Amino acid sequence: MKINTVITHPFKDQRPGTSGLRKLVTVFQQPNYLENFVQSIFDAVTELRGGTLVIGGDGRYYNREAIQIILRMAAANGVSKVWVGRGGLLSTPAASHLIRKHNASGGIILSASHNPGGPHGDFGIKYNAANGGPAPEAVTNAIYAKSLEIYRYQILDTQNINLDQDGQIVLGEMLIEVLDPVQDYVELMEHIFDFDAIHGLFNSGMFNMRFDAMHAITGPYAEELFVNHLGGNLDWLLNCVPQTDFNGCHPDPNLIHAHEIVSLTANGDGVNFAAASDGDGDRNMILGRGMFVNPSDSLAIMAANAHHIKGYRDGIKGVARSMPTSRAVDKVASALGIDCYETPTGWKYFGNLLDAGRINLCGEESFGSSSDHIREKDGLWAVLFWLNLLAVRRQSVANIVREHWRRFGRNFYVRHDYEGLDLNIAQELVATVRSMLPSLPGQNFGPYQVVAADDFAYQDPVDGSVTEKQGLRIIFADEARIILRLSGTGTVGATLRIYLETYASDPKRHAQDLHAEIQPLADIARHITQLQQLLGRSTPDIIT
Ligand code: VG1
Ligand code: CO
């Protein structure tokens, strides 16, 4: 088979964001756009020549076309073996697991995660390293640099490859192994969790759950786990047939977009556990009857209860959270006497800590948590963790959460998102607040006194690399915080995220209304940012 060398010109906008390169499908469909980025990966990561790759995606629109191009380019660039999920499908956590299991040099994951899909939606591509995790910044910077100087790409001249059947295919000098996307992942989960205990819970006659796959990748995984292995009911599964456009919905498991299961747990109609995952299966939302488990609390509760779970019985060595994530897990870490690391937003910053064995559990406020079993966040893992915990403790979700607050105090926590902003104005707002930071400490805003204010910078404790400008922090006495940053995953305009947190150790305050507790801080944030004047907005688009 012939290798074609195609002349091309750089696109200037291929800098990966928080989690890979995300653009509108129509951007990726431009001639050479995808090809340029893929060639830049092969040019930057030279060990892929002669190496092994894992490839798969969340099944969104353009997944199939993209995978054909990537396979032909991998063959032309000297990759010797590729593991690919049947139909070109792999959830992000399953891809991470396969990279590790097969000692691959890396992986290419096709996903725009929680962003909408379809011909007018988003597409994305992300390179993961040999540890199974998102490539560190040094690598994404190198890929971006290659994309700016690219002048040619290489692609094998061949027919489309049939990826719908398991087995081996030879493509030029490269071997493709098509495998079941679900099986290996399910086996991994069986090692970590006590399936017999969860089976017992499911058959106790007292348990009724719903899992919402949001028309995305986790449907087949959920059916295999919850129904075939754990004996749950098929009608516990909602929206579990993956669609290329997620049925026109927004596959983001939060209170707004996953409202279907939120209302099922609010009504007291007998559903005592509900969960959802996102487009590529790495996020999770956990609900009990009348109780939404804030993702930051979820991480803290997992850390405090890890000894109940088979896979973590030997105890956890350390935990980490992204900077804007609430400090609930910090309280648990200090009670357990273990280290707690604060990293920038995005999973790539956890990789070194996990590889070095400094932490076993980590998470983000954005509905992401995971452990050292892989190097991505893992939606179904979190759901199984909670199910295993319910099976062991035989308490309601709400009681587990309230008990946790009584022991560690409650971090009231809300994130406000202002979406679809003019990029220049949003950047100006952040720059203005940044310039105010040195003058804030000592100032009083109502009952709140600023004790520190900075632009978060992180030095990786393992390799010493420094990452700057990761979000503005305004820290008040009594452990309250306001954090401000711009999203790095959007594809149109800018999204401003304002994270608000207060802490109450006194149990009498734990039942207070969350939004009422947070309101004074929201007002301070509005005052400091002048967002109404600058953005013409007074209320956020999304509150989570
Ligand atoms: C968001 C979240 C961040 C998460 C990232 C990827 O990034 O805030 O915590 O790691 O999405 O999640 P940003 O830059 O938009 O705030 V996913 O499920 O895309 O892989
Ligand atoms: Co995701």
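The values are calculated or read from the model by the stated rules, or taken from the named source; none is laboratory data. What you see is a predicted model; the values in this text were computed from it and never measured. Positions of Cβ are backbone-derived with ideal geometry, glycine not excepted, and every protein chain shown enters the neighbour counts. For the accessible areas, the whole protein counts, side chains as well, though only heavy atoms, and no ligand, DNA or RNA atoms are used. Shrake-Rupley method; radii C 1.70, N 1.55, O 1.52, S 1.80 Å.
Based on what the data block shows, is GLY219 without any contact (Cβ under 8 Å) to a residue 60 or more places away in the chain, assigned to a loop (DSSP other than H, G, I, E, B), under 27 Å from PRO181 (Cα atoms) and more than 16 Å from ligand 1 (Cβ to nearest atom)? When the stated conditions are applied, GLY219 does not pass them.
Has region 351-361 got any residue that is at pLDDT 95 or above, closer than 13 Å to ILE301 by Cα and of a type in the set (Gly, Ala, Ser)? Within region 351-361, none of the residues are at pLDDT 95 or above, closer than 13 Å to ILE301 by Cα and of a type in the set (Gly, Ala, Ser).
Remark: pairs (first residue in region 164-184, assigned to a strand (DSSP E or B); second residue surrounded by 14 or more Cβ atoms within 10 Å (Cβ to Cβ) and among the acidic types (Asp, Glu); Cβ separation under 6 Å; 6+ apart in sequence or on different chains) = GLN168/GLU177.
Going residue by residue through region 83-99, is there one that turns out to be without any contact (Cβ under 8 Å) to a residue 40 or more places away in the chain and under 27 Å from ASP278 (Cβ atoms)?
No, that holds for no residue.
Residues in region 286-333 that are closer than 26 Å to PRO461 by Cα and either in a strand (DSSP E or B) or of a type in the set (A, V, I, L, M) (or both): 18 in all. Identify the residue in region 427-471 that is of a type in the set (Phe, Trp, Tyr) and within 27 Å of the chain's Cα centre (by Cα) and, among all such residues, is surrounded by the fewest Cβ atoms within 10 Å (Cβ to Cβ). Once the filter is applied, the top-ranked residue is TYR458. Here the condition is being in the same structural domain as GLN39 (by TED's automatic domain parsing) and crowded, with 20+ Cβ neighbours inside 10 Å; of TYR127, TYR151, it holds for TYR127 alone. On the stretch given as region 266-290, residues that are of a type outside the set (Gly, Ala, Ser), away from ligand 2 (no atom under 16 Å from the Cβ) and open to solvent by 20 Å² or more (accessible area, probe 1.4 Å) total 4.
Among the conditions (1) surrounded by 24 or more Cβ atoms within 10 Å (Cβ to Cβ); (2) in a helix (DSSP H, G or I); (3) touching a helix residue (DSSP H, G or I) at 6+ places or on another chain (Cβ under 7 Å), the only one that LYS377 does not satisfy is (2). Considering (1) modelled with pLDDT of 95 or more; (2) crowded, with 20+ Cβ neighbours inside 10 Å; (3) out of contact with any Gly (no Cβ under 9 Å at 6 or more places or on another chain); (4) closer than 27 Å to GLY118 by Cβ, the lone condition that LEU237 does not fulfil carries the number (3).
The combined condition, being open to solvent by 30 Å² or more (accessible area, probe 1.4 Å), out of contact with any Leu (no Cβ under 7 Å at 6 or more places or on another chain) and in a loop (DSSP other than H, G, I, E, B), is not fulfilled by ASN4.
Restricted to region 294-340, and to residues there that are crowded, with 20+ Cβ neighbours inside 10 Å and among the hydroxyl-bearing types (Ser, Thr, Tyr), the residue that is farthest from GLU137 (Cα to Cα) is TYR312. Checked against (1) of a type in the set (A, V, I, L, M); (2) open to solvent by 30 Å² or more (accessible area, probe 1.4 Å); (3) at pLDDT 90 or above, ILE474 meets all criteria but (2).
Here is a list: ALA135, ALA129, ALA112. Which entry is in contact (Cβ under 8 Å) with a residue 12 or more places away in the chain, closer than 28 Å to ASP463 by Cβ and within 14 Å of ligand 1 (Cβ to nearest atom)? I'd like the intermediate steps shown before the answer.
Numbers: ALA129 fails: within 14 Å of ligand 1 (Cβ to nearest atom); ALA112 fails: closer than 28 Å to ASP463 by Cβ.
Exactly one residue qualifies, and that residue is ALA135.
Number of residues in region 524-536 that are farther than 17 Å from GLU479 by Cα, of a type outside the set (Lys, Arg) and within 29 Å of the chain's Cα centre (by Cα) equals 3. Among the numbered conditions (1) away from ligand 1 (no atom under 16 Å from the Cβ); (2) more than 16 Å from TRP386 (Cα to Cα), the only one that ASP280 does not meet is (1). In region 10-63, what residues are farther than 18 Å from GLY117 by Cβ, of a type in the set (Phe, Trp, Tyr) and open to solvent by less than 10 Å² (accessible area, probe 1.4 Å)? PHE37 - this is the single residue of region 10-63 that is farther than 18 Å from GLY117 by Cβ, of a type in the set (Phe, Trp, Tyr) and open to solvent by less than 10 Å² (accessible area, probe 1.4 Å).
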